[in-house]
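Below: one structure, written as structure tokens.
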Amino acid sequence: MKKLSLAIACGALATAGLVATALPSESEPAVAPHQDMHVSISTSVGQSHASIDYDWPSGEEVPVLRKFAIGPANWTVGHRGVDLALAAGHPVRASADGTTIYAGRLNDRELVSIEHADGIRTTYEPIIPTVRRGQSVVRGEIIGHVDGTHCAPFSCLHWGAKRGSDGYLDPLSLLVTAPIRLYE
């Protein structure tokens with residue numbers, strides 16, 4: 001039954017474009033019923049596979065002021081990211097290792113976009129950038145500071161994620177915060 005439950009869990013992750021890579025090795029005992037099993041999430045882009053660990057850009061879990069909500073099509077109303085409660089001046093950290101592909105002003109705000117090895121691009125706005133285009137960053141590195149102009153009358157960071165030109169993702173889905181539980 002454990003193999004069937006694991007197969008179902010792997011199938012669910014595969015349907016979402018993710019692959020579970022936490023099968024026990026021959027030297028490890030099988031997972032006991034109701035025991036936590038942590039997994040590493042791998043995503044694939046083209047033929048390459050990269051395992052990326054993502055963290056909160058705040059450095060720790062913070063309240064979400066506005067959740068991700070995508071419309072039925074890219075041009076329809078939606079919220080293509082999450083708004084995280086952060087005070088003006090709070091440091092913003094790279095959620096994963098990557099390369100800064102944009103840092104500067106876009107329309108009415110400053111932002112930073114980072115391309116990661118798994119093909120996902122994360123965006124942080126509005127912030128005062130401390131990185132420059134082309135700069136490599138590591139997970140947890142400070143990339144800027146919240147400028148405090150979004151989410152009035154509060155202050156927040158808008159954190160977005162996408163794959164390709166229009167594959168918007170809920171950035172909270174990149175965080176593996178809870179173990180997957182397998183039951184017999």
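The values are calculated or read from the model by the stated rules, or taken from the named source; none is laboratory data. These numbers were taken from a predicted model, which means no experiment stands behind them. Note: ideal-geometry Cβ built from the backbone for every residue, glycine included; neighbour counts use all protein chains shown. Protein only, heavy atoms only, side chains kept; ligands, DNA and RNA dropped before computing areas. Shrake-Rupley method; radii C 1.70, N 1.55, O 1.52, S 1.80 Å.
Below are the figures for this structure:
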read-out: Protection proxy ranking of 85-91, 164-170 - average other beta-carbon atoms within 10 Å, highest first; value: 85-91, 164-170
read-out: THR149 accessible area, assembled protein chains, probe 1.4 Å, Å²; value: 100
read-out: Positive minus negative residues near ASP166 (Lys, Arg vs Asp, Glu; Cβ under 12 Å); value: +4
read-out: Positive minus negative residues near PHE68 (Lys, Arg vs Asp, Glu; Cβ under 12 Å); value: +2
read-out: Cα gyration tensor shape for the range 64-184, rounded if a/c is under 1.5, else prolate or oblate; value: rounded
read-out: The range 118-184: trypsin sites (Lys or Arg not before Pro) falling in loop per DSSP and having at most 14 other Cβ within 10 Å; value: ARG132, ARG133
read-out: Estimated FRET transfer efficiency (ASN107, ASP53; beta-carbon r; R0 30 Å; 0.05); value: 0.40
read-out: Label-to-label distance, nm, for residues given as HIS79 and ARG133 (7 Å Cα→Cβ offset); value: 3.1
read-out: Sum of side-chain charges, THR123 neighbourhood, beta-carbon under 10 Å (Lys, Arg +1; Asp, Glu -1); value: +2
read-out: Ranked order, CYS151, CYS156 - accessible area, probe 1.4 Å, largest first; value: CYS151, CYS156
